[in-house]
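The values are calculated or read from the model by the stated rules, or taken from the named source; none is laboratory data. Predicted model only: the values in this text are computed from it and were never measured. In this analysis, Cβ positions are derived from the backbone assuming ideal geometry, glycine residues included, and neighbour counts consider all displayed protein chains.
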Amino acid sequence: MTRGLLADILEKAGFEVATVSNASDARRACTLTDPDGVVLDVDLGFGPTGFDLADALLLERPDLAILFLTNLPDSRFAGRTAESLPQGVGYLRRERLVEAGLLVSSLDVVLRGMTRSEHRDDTDPERPLARLSKSQIDVLRMVALGNSNAQIAEARGTSVRAVQDVITRALTAVGAPAENEAASRVLAARAYMRAAGIPVGDS
């Protein structure tokens, strides 16, 4: 439904649009249609991310304009740094689509190679969890996925104590310190999920 709505908006603005539902179909569509630009989600489910797909597409079409449209505040939530993203891309959070004409104007700017800060939500200093490091984001993501501190420590090649310290520092940075380990894990998971646009209950 979302793809259809976005396609309708762009078609009414004069764009020729083709929609696909996964990375492999996107690569085939680019070969068949030779597009000028692509609007990509970052989270494509299991397998490559939208960032990975963009890298692959740009290897074949270096002139391709890329606009990321996602719930994620920035690339760290998908394991990437801002510096690793292709030059000239746009990055919009879906919640901003309520702004009239933003999708069309952002795609137009990216197509003309004139991306500005207002089209890069991933560099907004007021974005969720902006003050956290990539390492802290990674640990919060693993907590939200249900990994124990011991599992996170093993995956990161560090100690359980170091993992707990990362969680504590991250929560302190966002103004939500916890009194004990159990509470810190709950708060860490909630902080990540809220920032990533994942529905969180009140209980």
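Assorted remarks:
- Among residues of the stretch 180-199 that are closer than 17 Å to Glu95 by Cβ, those with a Cβ under 6 angstrom from a residue that is not in a helix (DSSP H, G or I), sequence gap 6+ or separate chain, pair up as Met193/Val200; Arg194/Val200; Ala195/Pro73; Ala195/Pro128; Ala195/Leu129; Ala196/Leu72; Gly197/Asn71.
- Condition met for Pro86 (at pLDDT 90 or above, part of a loop (DSSP other than H, G, I, E, B), under 17 Å from the mean Cα position of the chain (by Cα) and not assigned by TED's automatic domain parsing to the domain that holds Arg141): no
- Pairing residues of the stretch 59-81 that are under 10 Å from Val42 (Cα atoms) with residues that are among the aliphatic types (A, V, I, L, M) and in a loop (DSSP other than H, G, I, E, B), at Cβ distances under 6 Å and at least 6 apart in sequence or on separate chains, gives Phe68/Val42; Thr70/Val42; Leu72/Val42; Leu72/Ala196; Ser75/Leu85; Phe77/Ala196; Ala78/Val42.
- Selection count, the stretch 95-110, where residues are touching a residue at least 24 places away in the same chain (Cβ under 8 Å), touching a Gly at 6+ places or on another chain (Cβ under 8 Å) and buried (at least 16 other Cβ atoms within 10 Å of the Cβ): 3
- Residues of the stretch 96-140 classified as part of a loop (DSSP other than H, G, I, E, B) and within 17 Å of the chain's Cα centre (by Cα), total: 10
- The set of residues in the stretch 160-179 being without any contact (Cβ under 8 Å) to a residue 24 or more places away in the chain, surrounded by 13 or more Cβ atoms within 10 Å (Cβ to Cβ) and not in a helix (DSSP H, G or I) consists of Ala176, Pro177, Ala178.
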